[in-house]
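Notes for the one structure printed next.
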Amino acid sequence: PDLFEAPDYYNLDELLTDEHKLVRDAAREWVKRDVSPIIEDYAQRAEFPKQIIGGLAEIGAFGPYIPEEYGGAGLDQISYGLIMQEIERGDSGVRSTASVQSSLVMYPIWKYGNEEQRKKYLPKLASGEWMGSFGLTEPDHGSNPGGMTTNFKDMGDHYLLNGAKMWISNAPFCQIAVVWAKNEEGRIHGLIVERGMEGFSTPETHNKWSLRASSTGELIFDNVKIPKENLLPNKSGLGAPLGCLDSARFGIAWGAIGAAMDCYDTALRYSKERMQFGKPIGQFQLQQKKLAEMITEITKAQLLAWRLGVMRENGTATSAQISMAKRNNVDMAINIAREARQMLGGMGITGEYSIMRHSMNLESVITYEGTHDIHLLITGMDVTGLNAFK
Ligand code: TGC
Ligand code: FAD
(Lines give C-alpha, C1' and ligand atoms only; values in the text may rest on other atoms or scores of the structure.)
(Ligands and ions follow the chains in the order given, each with its own letter.)
Protein backbone atom coordinates (compact mmCIF):
# COMPACT_ATOMS: atom_id res chain seq x y z
CA PRO A 1 0.00 0.00 0.00
CA ASP A 2 0.97 3.60 -0.53
CA LEU A 3 1.92 4.43 3.05
CA PHE A 4 3.49 7.59 4.43
CA GLU A 5 7.16 8.02 3.75
CA ALA A 6 8.94 6.88 6.88
CA PRO A 7 12.22 8.59 7.55
CA ASP A 8 14.54 5.79 8.64
CA TYR A 9 18.00 7.17 7.97
CA TYR A 10 19.84 4.63 10.11
CA ASN A 11 17.79 1.66 8.96
CA LEU A 12 16.22 1.21 12.37
CA ASP A 13 13.74 -1.20 10.80
CA GLU A 14 16.49 -3.78 11.28
CA LEU A 15 16.01 -3.43 15.03
CA LEU A 16 12.29 -4.21 14.78
CA THR A 17 10.66 -7.64 14.78
CA ASP A 18 8.15 -8.72 12.14
CA GLU A 19 5.41 -8.21 14.72
CA HIS A 20 6.57 -4.64 15.40
CA LYS A 21 6.41 -3.88 11.69
CA LEU A 22 2.97 -5.44 11.30
CA VAL A 23 1.59 -3.48 14.25
CA ARG A 24 3.16 -0.25 13.00
CA ASP A 25 2.00 -0.68 9.43
CA ALA A 26 -1.57 -1.44 10.51
CA ALA A 27 -1.60 1.74 12.60
CA ARG A 28 0.01 3.72 9.79
CA GLU A 29 -2.53 2.55 7.23
CA TRP A 30 -5.44 3.31 9.54
CA VAL A 31 -4.15 6.81 10.30
CA LYS A 32 -3.68 7.51 6.64
CA ARG A 33 -7.19 6.27 5.79
CA ASP A 34 -9.31 7.35 8.76
CA VAL A 35 -7.50 10.18 10.55
CA SER A 36 -5.45 12.32 8.18
CA PRO A 37 -8.28 13.10 5.72
CA ILE A 38 -10.67 14.38 8.41
CA ILE A 39 -8.53 15.69 11.26
CA GLU A 40 -7.92 19.20 9.96
CA ASP A 41 -11.67 19.91 9.81
CA TYR A 42 -12.22 18.61 13.32
CA ALA A 43 -9.28 20.63 14.65
CA GLN A 44 -10.59 23.76 12.95
CA ARG A 45 -14.01 23.16 14.52
CA ALA A 46 -12.40 22.23 17.88
CA GLU A 47 -14.23 18.91 17.98
CA PHE A 48 -13.03 15.41 18.87
CA PRO A 49 -13.88 12.95 16.04
CA LYS A 50 -15.74 10.33 18.08
CA GLN A 51 -16.16 8.05 15.07
CA ILE A 52 -12.47 7.08 15.24
CA ILE A 53 -12.82 5.41 18.66
CA GLY A 54 -13.61 2.01 17.10
CA GLY A 55 -10.59 2.26 14.80
CA LEU A 56 -8.27 3.18 17.68
CA ALA A 57 -9.46 0.07 19.51
CA GLU A 58 -8.94 -2.10 16.40
CA ILE A 59 -5.31 -1.06 15.91
CA GLY A 60 -4.62 -1.90 19.57
CA ALA A 61 -4.21 1.72 20.70
CA PHE A 62 -6.28 1.16 23.86
CA GLY A 63 -4.06 -0.89 26.17
CA PRO A 64 -1.39 -2.09 23.70
CA TYR A 65 0.60 -3.80 26.47
CA ILE A 66 -2.32 -4.77 28.72
CA PRO A 67 -2.66 -8.59 28.73
CA GLU A 68 -5.16 -10.12 26.31
CA GLU A 69 -7.14 -11.71 29.17
CA TYR A 70 -8.29 -8.17 30.04
CA GLY A 71 -9.01 -7.22 26.43
CA GLY A 72 -5.64 -5.53 25.81
CA ALA A 73 -3.47 -6.24 22.78
CA GLY A 74 -0.77 -8.06 24.80
CA LEU A 75 2.04 -6.37 22.88
CA ASP A 76 5.47 -5.21 24.03
CA GLN A 77 6.65 -1.68 24.83
CA ILE A 78 8.20 -0.98 21.43
CA SER A 79 4.90 -1.91 19.75
CA TYR A 80 3.17 0.52 22.10
CA GLY A 81 5.68 3.21 21.11
CA LEU A 82 5.26 2.53 17.40
CA ILE A 83 1.47 2.78 17.65
CA MET A 84 1.80 6.16 19.42
CA GLN A 85 4.27 7.33 16.75
CA GLU A 86 1.88 6.49 13.94
CA ILE A 87 -1.14 8.06 15.63
CA GLU A 88 0.72 11.29 16.38
CA ARG A 89 1.87 11.44 12.76
CA GLY A 90 -1.83 12.10 12.25
CA ASP A 91 -2.49 14.37 15.25
CA SER A 92 -1.18 14.84 18.80
CA GLY A 93 -4.76 15.22 20.07
CA VAL A 94 -5.73 11.76 18.82
CA ARG A 95 -2.58 10.34 20.40
CA SER A 96 -3.56 12.09 23.65
CA THR A 97 -6.86 10.24 23.68
CA ALA A 98 -5.02 6.95 23.25
CA SER A 99 -2.32 7.82 25.82
CA VAL A 100 -4.88 8.73 28.45
CA GLN A 101 -7.01 5.64 27.85
CA SER A 102 -4.00 3.26 27.89
CA SER A 103 -1.42 4.63 30.28
CA LEU A 104 -3.47 6.80 32.58
CA VAL A 105 -6.73 4.85 32.91
CA MET A 106 -6.13 1.19 31.97
CA TYR A 107 -2.61 1.07 33.46
CA PRO A 108 -3.61 2.12 37.02
CA ILE A 109 -6.63 -0.18 37.00
CA TRP A 110 -4.40 -3.05 35.83
CA LYS A 111 -1.49 -2.29 38.19
CA TYR A 112 -3.19 -0.84 41.27
CA GLY A 113 -6.69 -2.33 40.96
CA ASN A 114 -8.05 -5.66 42.19
CA GLU A 115 -9.25 -8.50 40.00
CA GLU A 116 -12.91 -7.40 40.10
CA GLN A 117 -11.96 -3.89 38.98
CA ARG A 118 -9.76 -5.25 36.17
CA LYS A 119 -12.56 -7.50 34.91
CA LYS A 120 -15.23 -4.82 35.22
CA TYR A 121 -13.40 -1.98 33.47
CA LEU A 122 -10.48 -3.13 31.30
CA PRO A 123 -12.32 -5.01 28.51
CA LYS A 124 -14.79 -2.15 28.01
CA LEU A 125 -11.93 0.39 27.94
CA ALA A 126 -9.94 -1.76 25.49
CA SER A 127 -12.88 -1.93 23.07
CA GLY A 128 -13.61 1.79 23.39
CA GLU A 129 -17.12 1.10 24.68
CA TRP A 130 -16.09 3.17 27.70
CA MET A 131 -13.69 6.08 27.52
CA GLY A 132 -11.70 7.20 30.54
CA SER A 133 -9.98 10.30 31.84
CA PHE A 134 -7.22 10.89 34.42
CA GLY A 135 -7.58 13.59 37.03
CA LEU A 136 -4.33 14.67 38.65
CA THR A 137 -3.86 18.38 37.80
CA GLU A 138 -5.83 20.98 39.75
CA PRO A 139 -6.30 24.71 39.15
CA ASP A 140 -3.65 25.52 41.81
CA HIS A 141 -1.49 22.38 41.51
CA GLY A 142 -0.04 21.55 38.08
CA SER A 143 3.70 20.86 38.23
CA ASN A 144 3.32 20.20 41.95
CA PRO A 145 0.53 17.60 42.12
CA GLY A 146 1.58 16.60 45.64
CA GLY A 147 -0.06 19.82 46.87
CA MET A 148 -3.52 18.74 45.66
CA THR A 149 -6.54 19.62 47.76
CA THR A 150 -9.15 17.26 46.24
CA ASN A 151 -10.07 14.98 49.12
CA PHE A 152 -12.30 12.15 50.29
CA LYS A 153 -13.76 11.21 53.66
CA ASP A 154 -14.64 7.76 54.90
CA MET A 155 -18.38 7.81 55.63
CA GLY A 156 -18.58 4.18 56.77
CA ASP A 157 -20.29 2.52 53.81
CA HIS A 158 -18.94 4.93 51.13
CA TYR A 159 -16.46 7.76 50.53
CA LEU A 160 -17.43 11.40 50.02
CA LEU A 161 -15.32 13.14 47.34
CA ASN A 162 -14.86 16.92 47.03
CA GLY A 163 -12.63 19.09 44.88
CA ALA A 164 -11.86 19.90 41.24
CA LYS A 165 -9.43 18.86 38.52
CA MET A 166 -8.50 21.04 35.55
CA TRP A 167 -7.07 20.50 32.05
CA ILE A 168 -8.35 16.95 31.84
CA SER A 169 -8.14 15.24 28.44
CA ASN A 170 -11.29 13.28 27.45
CA ALA A 171 -13.16 14.65 30.50
CA PRO A 172 -16.21 15.98 28.62
CA PHE A 173 -17.15 12.57 27.21
CA CYS A 174 -15.56 10.05 29.60
CA GLN A 175 -17.66 7.32 31.23
CA ILE A 176 -15.14 6.93 34.05
CA ALA A 177 -12.38 9.03 35.57
CA VAL A 178 -9.40 7.78 37.55
CA VAL A 179 -9.13 10.56 40.13
CA TRP A 180 -6.29 11.19 42.58
CA ALA A 181 -7.40 12.57 45.95
CA LYS A 182 -6.18 12.77 49.55
CA ASN A 183 -7.78 10.87 52.41
CA GLU A 184 -8.21 12.34 55.89
CA GLU A 185 -4.55 11.57 56.71
CA GLY A 186 -3.39 13.40 53.55
CA ARG A 187 -2.40 10.19 51.72
CA ILE A 188 -3.06 10.17 47.94
CA HIS A 189 -5.29 7.38 46.56
CA GLY A 190 -6.84 6.62 43.17
CA LEU A 191 -10.63 6.44 42.92
CA ILE A 192 -12.77 5.40 39.96
CA VAL A 193 -15.52 7.99 39.48
CA GLU A 194 -18.35 7.07 37.10
CA ARG A 195 -20.48 9.38 34.99
CA GLY A 196 -23.93 9.67 36.48
CA MET A 197 -22.73 9.77 40.10
CA GLU A 198 -24.56 12.66 41.76
CA GLY A 199 -22.43 15.79 42.19
CA PHE A 200 -19.95 14.82 39.43
CA SER A 201 -19.74 17.15 36.40
CA THR A 202 -17.28 17.60 33.51
CA PRO A 203 -17.52 21.06 31.89
CA GLU A 204 -15.58 21.48 28.64
CA THR A 205 -12.65 23.92 28.31
CA HIS A 206 -13.15 26.16 25.28
CA ASN A 207 -10.98 28.50 23.18
CA LYS A 208 -7.82 26.38 23.04
CA TRP A 209 -5.40 27.22 20.21
CA SER A 210 -3.68 23.87 20.71
CA LEU A 211 -4.85 20.24 20.67
CA ARG A 212 -8.13 21.41 19.23
CA ALA A 213 -9.20 17.95 18.05
CA SER A 214 -8.87 16.66 21.62
CA SER A 215 -11.60 17.36 24.12
CA THR A 216 -10.35 18.93 27.39
CA GLY A 217 -12.37 19.75 30.48
CA GLU A 218 -12.70 19.92 34.23
CA LEU A 219 -13.74 17.24 36.70
CA ILE A 220 -15.84 18.74 39.49
CA PHE A 221 -16.76 16.78 42.61
CA ASP A 222 -19.42 18.22 44.87
CA ASN A 223 -20.04 15.73 47.68
CA VAL A 224 -19.85 12.76 45.30
CA LYS A 225 -20.67 9.44 46.99
CA ILE A 226 -18.07 6.90 45.86
CA PRO A 227 -18.71 3.21 46.56
CA LYS A 228 -15.84 1.74 48.57
CA GLU A 229 -15.15 -0.86 45.89
CA ASN A 230 -14.09 2.00 43.55
CA LEU A 231 -10.87 2.75 45.45
CA LEU A 232 -7.72 1.33 43.79
CA PRO A 233 -6.36 -0.79 46.65
CA ASN A 234 -2.86 -1.82 45.60
CA LYS A 235 -0.86 1.42 45.60
CA SER A 236 -1.13 4.82 47.26
CA GLY A 237 1.03 7.94 47.60
CA LEU A 238 2.21 10.32 44.86
CA GLY A 239 4.30 7.51 43.37
CA ALA A 240 1.05 5.86 42.17
CA PRO A 241 0.00 8.59 39.69
CA LEU A 242 3.67 9.26 38.84
CA GLY A 243 4.02 5.59 37.85
CA CYS A 244 1.20 6.08 35.32
CA LEU A 245 2.99 9.17 34.00
CA ASP A 246 6.12 7.09 33.36
CA SER A 247 4.11 4.96 30.93
CA ALA A 248 2.40 7.92 29.25
CA ARG A 249 5.64 9.92 28.95
CA PHE A 250 7.30 6.92 27.28
CA GLY A 251 4.48 6.88 24.71
CA ILE A 252 4.85 10.62 24.14
CA ALA A 253 8.59 10.24 23.50
CA TRP A 254 7.61 8.00 20.55
CA GLY A 255 4.56 10.00 19.55
CA ALA A 256 6.51 13.23 19.13
CA ILE A 257 8.67 11.48 16.54
CA GLY A 258 5.53 10.86 14.48
CA ALA A 259 4.60 14.54 14.47
CA ALA A 260 8.19 15.45 13.52
CA MET A 261 8.23 12.86 10.71
CA ASP A 262 5.05 14.27 9.22
CA CYS A 263 6.47 17.82 9.28
CA TYR A 264 9.76 16.66 7.77
CA ASP A 265 8.06 14.59 5.01
CA THR A 266 5.84 17.51 4.11
CA ALA A 267 8.69 20.04 4.00
CA LEU A 268 10.95 17.69 2.04
CA ARG A 269 8.28 17.07 -0.59
CA TYR A 270 7.42 20.75 -0.82
CA SER A 271 11.08 21.73 -1.19
CA LYS A 272 11.39 19.59 -4.30
CA GLU A 273 8.22 20.98 -5.89
CA ARG A 274 8.22 24.66 -4.97
CA MET A 275 10.12 26.73 -7.54
CA GLN A 276 11.59 30.13 -6.72
CA PHE A 277 14.34 31.97 -8.61
CA GLY A 278 14.07 29.27 -11.27
CA LYS A 279 14.98 26.35 -8.99
CA PRO A 280 13.29 24.10 -6.47
CA ILE A 281 13.77 25.74 -3.05
CA GLY A 282 15.35 22.44 -1.89
CA GLN A 283 18.36 23.33 -4.00
CA PHE A 284 19.20 26.33 -1.81
CA GLN A 285 21.72 25.57 0.91
CA LEU A 286 19.65 27.29 3.61
CA GLN A 287 16.73 24.96 2.96
CA GLN A 288 19.03 21.94 2.81
CA LYS A 289 20.46 22.92 6.19
CA LYS A 290 16.98 22.86 7.68
CA LEU A 291 16.17 19.44 6.19
CA ALA A 292 19.56 17.96 7.10
CA GLU A 293 19.19 19.10 10.70
CA MET A 294 15.65 17.77 10.87
CA ILE A 295 16.57 14.26 9.74
CA THR A 296 19.58 14.26 12.08
CA GLU A 297 17.40 15.18 15.06
CA ILE A 298 14.69 12.67 14.10
CA THR A 299 17.30 9.92 13.85
CA LYS A 300 18.75 10.74 17.29
CA ALA A 301 15.25 10.80 18.77
CA GLN A 302 14.43 7.43 17.19
CA LEU A 303 17.52 5.87 18.75
CA LEU A 304 16.65 7.32 22.17
CA ALA A 305 13.09 6.01 21.93
CA TRP A 306 14.10 2.56 20.69
CA ARG A 307 16.69 2.07 23.44
CA LEU A 308 14.23 3.32 26.06
CA GLY A 309 11.71 0.80 24.68
CA VAL A 310 14.18 -2.03 25.25
CA MET A 311 14.83 -0.85 28.81
CA ARG A 312 11.09 -0.36 29.50
CA GLU A 313 10.46 -3.88 28.26
CA ASN A 314 13.10 -5.46 30.50
CA GLY A 315 12.05 -3.28 33.44
CA THR A 316 15.27 -1.32 33.86
CA ALA A 317 14.27 2.16 32.57
CA THR A 318 14.38 4.77 35.33
CA SER A 319 11.86 7.60 35.59
CA ALA A 320 14.70 10.05 34.93
CA GLN A 321 15.61 8.23 31.71
CA ILE A 322 11.97 8.51 30.62
CA SER A 323 12.00 12.24 31.44
CA MET A 324 15.04 12.77 29.24
CA ALA A 325 13.38 11.13 26.23
CA LYS A 326 10.05 12.92 26.70
CA ARG A 327 11.79 16.27 26.99
CA ASN A 328 14.25 15.79 24.15
CA ASN A 329 11.82 14.32 21.67
CA VAL A 330 9.03 16.83 22.19
CA ASP A 331 11.51 19.70 21.95
CA MET A 332 12.93 18.13 18.78
CA ALA A 333 9.43 17.91 17.28
CA ILE A 334 8.38 21.45 18.16
CA ASN A 335 11.57 22.87 16.63
CA ILE A 336 11.13 20.81 13.47
CA ALA A 337 7.51 21.92 13.18
CA ARG A 338 8.60 25.54 13.36
CA GLU A 339 11.35 25.19 10.75
CA ALA A 340 9.16 23.08 8.47
CA ARG A 341 6.41 25.66 8.61
CA GLN A 342 8.79 28.35 7.47
CA MET A 343 9.89 26.18 4.55
CA LEU A 344 6.32 26.24 3.25
CA GLY A 345 6.19 30.02 3.27
CA GLY A 346 2.64 31.36 3.35
CA MET A 347 1.19 27.94 2.55
CA GLY A 348 2.63 26.77 5.86
CA ILE A 349 0.11 28.72 7.89
CA THR A 350 -2.92 27.19 6.17
CA GLY A 351 -4.88 24.05 6.91
CA GLU A 352 -3.94 22.74 3.45
CA TYR A 353 -0.90 21.27 5.21
CA SER A 354 -0.60 19.63 8.62
CA ILE A 355 2.43 21.52 9.92
CA MET A 356 0.79 24.49 11.65
CA ARG A 357 -1.62 22.12 13.42
CA HIS A 358 1.29 19.96 14.63
CA SER A 359 3.14 23.09 15.71
CA MET A 360 0.22 24.35 17.80
CA ASN A 361 -0.51 20.87 19.20
CA LEU A 362 3.06 20.45 20.37
CA GLU A 363 2.69 23.52 22.60
CA SER A 364 0.42 21.35 24.76
CA VAL A 365 2.65 18.30 24.49
CA ILE A 366 5.67 20.28 25.72
CA THR A 367 3.57 21.41 28.72
CA TYR A 368 1.56 18.37 29.75
CA GLU A 369 2.90 15.20 31.36
CA GLY A 370 5.55 17.34 33.05
CA THR A 371 6.70 20.60 31.45
CA HIS A 372 9.98 21.02 29.58
CA ASP A 373 11.40 22.72 32.71
CA ILE A 374 10.22 20.03 35.11
CA HIS A 375 11.87 17.26 33.06
CA LEU A 376 15.11 19.24 32.94
CA LEU A 377 15.02 19.53 36.74
CA ILE A 378 14.41 15.77 37.02
CA THR A 379 17.56 15.15 34.94
CA GLY A 380 19.41 17.77 36.99
CA MET A 381 18.35 16.07 40.20
CA ASP A 382 19.38 12.67 38.86
CA VAL A 383 22.89 13.70 37.85
CA THR A 384 23.67 15.93 40.85
CA GLY A 385 21.74 14.10 43.56
CA LEU A 386 20.43 17.54 44.61
CA ASN A 387 16.67 18.17 44.59
CA ALA A 388 15.59 21.53 43.11
CA PHE A 389 11.95 20.93 44.10
CA LYS A 390 12.49 20.87 47.87
P1 TGC B 1 8.80 13.30 45.17
O2 TGC B 1 8.87 13.54 46.64
O3 TGC B 1 10.03 13.39 44.34
O4 TGC B 1 8.13 11.87 44.89
C5 TGC B 1 6.97 11.41 45.56
C6 TGC B 1 6.95 9.90 45.48
O7 TGC B 1 6.83 9.47 44.10
C8 TGC B 1 7.97 8.69 43.72
N9 TGC B 1 8.26 9.04 42.33
C10 TGC B 1 7.89 8.29 41.30
N11 TGC B 1 7.29 7.09 41.24
C12 TGC B 1 7.04 6.58 40.03
N13 TGC B 1 7.34 7.23 38.89
C14 TGC B 1 7.95 8.45 38.90
N15 TGC B 1 8.21 9.09 37.76
C16 TGC B 1 8.25 9.03 40.16
N17 TGC B 1 8.83 10.20 40.54
C18 TGC B 1 8.82 10.20 41.88
C19 TGC B 1 9.05 9.06 44.68
O20 TGC B 1 9.99 8.03 44.81
C21 TGC B 1 8.25 9.26 45.97
O22 TGC B 1 7.91 7.98 46.49
P23 TGC B 1 7.78 7.76 48.08
O24 TGC B 1 7.44 6.31 48.20
O25 TGC B 1 9.13 8.13 48.62
O26 TGC B 1 6.69 8.68 48.54
O27 TGC B 1 7.66 14.25 44.59
P28 TGC B 1 7.61 15.83 44.41
O29 TGC B 1 6.34 16.29 45.03
O30 TGC B 1 8.89 16.47 44.86
O31 TGC B 1 7.44 16.00 42.82
C32 TGC B 1 8.37 15.59 41.92
C33 TGC B 1 7.97 16.07 40.50
C34 TGC B 1 7.98 17.57 40.37
C35 TGC B 1 9.02 15.47 39.58
C36 TGC B 1 6.57 15.52 40.12
O37 TGC B 1 5.59 16.04 40.92
C38 TGC B 1 6.20 15.74 38.67
O39 TGC B 1 6.53 14.93 37.82
N40 TGC B 1 5.44 16.86 38.33
C41 TGC B 1 4.89 17.06 37.01
C42 TGC B 1 3.40 16.79 37.05
C43 TGC B 1 2.89 16.14 35.81
O44 TGC B 1 3.62 15.57 35.00
N45 TGC B 1 1.59 16.14 35.62
C46 TGC B 1 0.96 15.48 34.52
C47 TGC B 1 -0.52 15.40 34.68
S48 TGC B 1 -1.30 14.21 33.59
C49 TGC B 1 -1.20 14.86 32.06
O50 TGC B 1 -0.60 15.85 31.83
C51 TGC B 1 -1.91 14.11 30.97
S52 TGC B 1 -1.79 14.89 29.45
C53 TGC B 1 -2.69 13.94 28.39
C54 TGC B 1 -1.85 12.99 27.57
O55 TGC B 1 -1.08 12.22 28.15
O56 TGC B 1 -1.94 12.99 26.36
P1 FAD C 1 2.51 25.38 36.29
O2 FAD C 1 2.86 24.21 37.12
O3 FAD C 1 1.82 26.53 36.93
O4 FAD C 1 3.82 25.90 35.56
C5 FAD C 1 3.95 27.21 35.00
C6 FAD C 1 5.40 27.39 34.59
O7 FAD C 1 6.24 27.35 35.75
C8 FAD C 1 5.90 26.31 33.64
O9 FAD C 1 6.75 26.85 32.67
C10 FAD C 1 6.71 25.39 34.56
O11 FAD C 1 7.74 24.69 33.88
C12 FAD C 1 7.28 26.39 35.56
N13 FAD C 1 7.62 25.80 36.85
C14 FAD C 1 6.78 25.16 37.72
N15 FAD C 1 7.46 24.70 38.76
C16 FAD C 1 8.75 25.02 38.56
C17 FAD C 1 9.97 24.80 39.30
N18 FAD C 1 9.97 24.11 40.44
N19 FAD C 1 11.12 25.28 38.78
C20 FAD C 1 11.13 25.95 37.59
N21 FAD C 1 10.02 26.19 36.86
C22 FAD C 1 8.86 25.72 37.34
N23 FAD C 1 -3.50 16.95 33.58
C24 FAD C 1 -4.13 15.83 34.05
O25 FAD C 1 -4.07 15.51 35.22
N26 FAD C 1 -4.83 15.02 33.19
C27 FAD C 1 -4.94 15.30 31.86
O28 FAD C 1 -5.57 14.53 31.12
C29 FAD C 1 -4.31 16.48 31.35
N30 FAD C 1 -4.47 16.82 30.05
C31 FAD C 1 -3.99 18.04 29.61
C32 FAD C 1 -4.31 18.49 28.33
C33 FAD C 1 -3.89 19.73 27.89
C34 FAD C 1 -4.28 20.21 26.53
C35 FAD C 1 -3.09 20.53 28.74
C36 FAD C 1 -2.58 21.87 28.28
C37 FAD C 1 -2.76 20.10 30.00
C38 FAD C 1 -3.22 18.86 30.47
N39 FAD C 1 -2.99 18.43 31.78
C40 FAD C 1 -3.59 17.29 32.26
C41 FAD C 1 -2.33 19.33 32.74
C42 FAD C 1 -0.81 19.38 32.59
O43 FAD C 1 -0.22 18.22 33.07
C44 FAD C 1 -0.33 20.64 33.32
O45 FAD C 1 -0.74 21.76 32.54
C46 FAD C 1 1.16 20.64 33.53
O47 FAD C 1 1.55 19.62 34.43
C48 FAD C 1 1.68 22.00 34.02
O49 FAD C 1 0.92 22.48 35.08
P50 FAD C 1 0.35 23.99 35.06
O51 FAD C 1 -0.35 24.18 33.76
O52 FAD C 1 -0.41 24.21 36.31
O53 FAD C 1 1.63 24.90 35.02
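The values are calculated or read from the model by the stated rules, or taken from the named source; none is laboratory data. Everything numeric in this text was worked out from a predicted model, so none of it was measured. So basically every Cβ, Gly included, is an ideal-geometry build from the backbone, and we count neighbours across all protein chains shown. Side chains included, ligands, DNA and RNA excluded: accessible areas come from the protein's heavy atoms. Shrake-Rupley method; radii C 1.70, N 1.55, O 1.52, S 1.80 Å.
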When the accessible area of the stretch 229-370 is computed with all protein chains present and a 1.4 Å probe, what percentage of it is carbon and sulfur? 53
Say the dipole of the stretch 81-121 comes from +1 at the beta carbon of Lys and Arg and -1 at that of Asp and Glu; which of GLY81, ALA98, GLN117 then lies farthest toward its positive end? GLN117
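What relative contact order, as a whole-number percentage, does the stretch 1-133 give when Cα pairs under 8 Å and 6 or more residues apart are counted? Present the calculation step by step, with values, prior to reporting the outcome.
Numbers: 145 pairs, mean separation 33.6, N = 133.
Averaging sequence separation for qualifying contacts and normalising by length gives 25 percent for the stretch 1-133.
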Could you give log10 I(q)/I(0) at q = 0.15, 0.24, 0.25 Å⁻¹ for the stretch 136-213, computed by the Debye formula over C-alpha point scatterers of equal weight, without solvent? -0.56, -1.26, -1.33
Counting only the heavy atoms of the protein chains, how much of LYS326 is accessible to a 1.4 Å probe, in Å² to the nearest 10? 0
The stretch 334-390: equivalent-ellipsoid semi-axes (sqrt of 5 x gyration tensor eigenvalues, Cα, Å): 34, 11, 6
Pairs of alpha-carbon atoms within less than 8 angstrom and 6+ residues apart define the contacts here; what relative contact order does the stretch 56-97 have, in percent? 26
So if R0 is 22 Å, what FRET efficiency would GLN285 and ASP13 give, r being the distance between their Cβ atoms, rounded to the nearest 0.05? 0.15
Would you calculate the convex hull of the Cα atoms in the stretch 226-324 and tell me its volume per residue in Å³? 145
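By DSSP, what percent of the beta bridges with both residues in the chain are antiparallel, rounded to the nearest 5? List each step's numbers first, then the result.
Numbers: 27 of 32 bridges.
Approximately 85 percent, going by the DSSP bridge assignments.
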If you keep only loop residues by DSSP, which GluC sites (Glu not before Pro) in the stretch 177-262 have at most 11 other Cβ atoms within 10 Å of their Cβ? GLU184, GLU185, GLU198
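Dividing the alpha-carbon Rg of the stretch 203-249 by 2.2 N^0.38 Å yields what? Write out the running numbers ahead of the final one.
Numbers: Rg = 15.3 Å, N = 47, 2.2 N^0.38 = 9.5 Å.
My calculation over the Cα atoms of the stretch 203-249 gives 1.61.
Rg(Cα) of the stretch 271-390 divided by 2.2 N^0.38 Å?
Working: Rg = 17.9 Å, N = 120, 2.2 N^0.38 = 13.6 Å.
Here the answer is 1.32, to two decimals.
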With charges only on Cβ, +1 for K and R and -1 for D and E, what is the dipole size of the stretch 1-146 about its Cα centre, in debye, rounded to 20? 500
In Å³ and rounded to a whole number, note down the convex hull volume per residue for the Cα atoms of the stretch 159-202. 78
Are there trypsin sites (Lys or Arg not before Pro) in the stretch 86-174 that DSSP puts in a loop and that have at most 16 other Cβ atoms within 10 Å, and which ones? none
Separation between Cα centres of the stretch 98-168 and the stretch 27-41, rounded to whole Å: 29
Given only helices, namely DSSP H runs of n ≥ 4 each adding -39500 (n - 2.57), what is the per-residue ellipticity at 222 nm of the chain, to the nearest 500 deg cm²/dmol? -15500 deg cm²/dmol
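Return the loop-located chymotrypsin sites (Phe, Trp or Tyr not before Pro) in the stretch 275-346 (DSSP other than H, G, I, E, B) with at most 13 other Cβ atoms within 10 Å of their own Cβ; answer none if there are none. Before the final figure, lay out each step's value.
Numbers: sites: PHE277, PHE284, TRP306; in loops: PHE277, PHE284.
Answer in residue order: PHE277.
Take the residue pairs LYS120/LYS225; LYS182/LYS225; LYS50/LYS300; LYS165/LYS225 and return only those whose Cα atoms are more than 24 Å apart.
Working: LYS120/LYS225 19 Å; LYS182/LYS225 15 Å; LYS50/LYS300 35 Å; LYS165/LYS225 17 Å.
Going by Cα-Cα distance, LYS50/LYS300 fall outside the 24 Å limit.
If Lys and Arg each add +1 and Asp and Glu each add -1, what is the summed charge of the other residues whose beta carbon sits under 14 Å from the beta carbon of ILE176?
Values: positive: ARG118, LYS120, LYS124, LYS165, ARG195; negative: GLU129, GLU194, GLU229.
It works out to a net charge of +2.
Considering only the other residues whose Cβ falls under 12 Å of the Cβ of GLU88, what net charge follows from Lys and Arg at +1 and Asp and Glu at -1? Working shown, then result.
Numbers: positive: ARG28, ARG89, ARG95, ARG357; negative: GLU86, ASP91, ASP262.
Result for the local shell: +1.
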Just the Cα atoms of the stretch 55-154: what Rg and Dmax do they give in Å? 14.6, 45
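Using only Cα atoms, what is the ratio of the radius of gyration of the stretch 1-92 to 2.2 N^0.38 Å?
Values: Rg = 13.8 Å, N = 92, 2.2 N^0.38 = 12.3 Å.
Working it through for the stretch 1-92, the quotient is 1.13.
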Once Lys and Arg get +1 and Asp and Glu get -1 on their Cβ, which of GLY142, ILE53, LEU160 lies farthest toward the positive end of the dipole of the chain? GLY142
Rg/Rh ratio calculated on Cα atoms of the stretch 100-174 (Kirkwood radius): 1.00
So for the stretch 30-72, using the alpha carbon gyration tensor with a ≥ b ≥ c as root eigenvalues (a/c under 1.5 gives rounded; past that, a/b versus b/c decides prolate or oblate), I'd call it prolate
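Compute the signed sum of charges (Lys and Arg +1, Asp and Glu -1) over the other residues within less than 14 Å, Cβ to Cβ, of ILE378.
Residues near ILE378 contribute 0 overall.
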Distance in nm between label sites at GLU363 and ALA388, each 7 Å beyond Cα in the beta-carbon direction? 2.4
Binned at 20 Å starting from 0, the alpha-carbon pair-distance distribution of the chain in whole percents comes out as 29, 57, 13, 1
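Of all accessible surface on the stretch 62-210 at a 1.4 Å probe, what whole percent is carbon and sulfur? All intermediate terms of the calculation are to be shown ahead of the outcome.
On the way: 2530 of 5300 Å².
Reported share for carbon and sulfur atoms: 48 percent.
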Helix 372-384 vs. the chain, principal-axis angle (Cα, 0 to 90°, nearest 10): 80
Between the stretch 4-18 and the stretch 246-278, what is the separation of their alpha carbon centroids in Å? 15
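Expressed as a rounded percentage, what relative contact order does the chain have, with Cα pairs under 8 Å and six or more residues apart?
Numbers: 727 pairs, mean separation 67.7, N = 390.
Relative contact order here is 17 percent.
Tell me the per residue accessible area of the chain using a 1.4 Å probe; a whole number in Å² is fine. All intermediate terms of the calculation are to be shown ahead of the outcome.
On the way: 16870 Å² over 390 residues.
Solvent-accessible surface per residue comes out at 43 Å².
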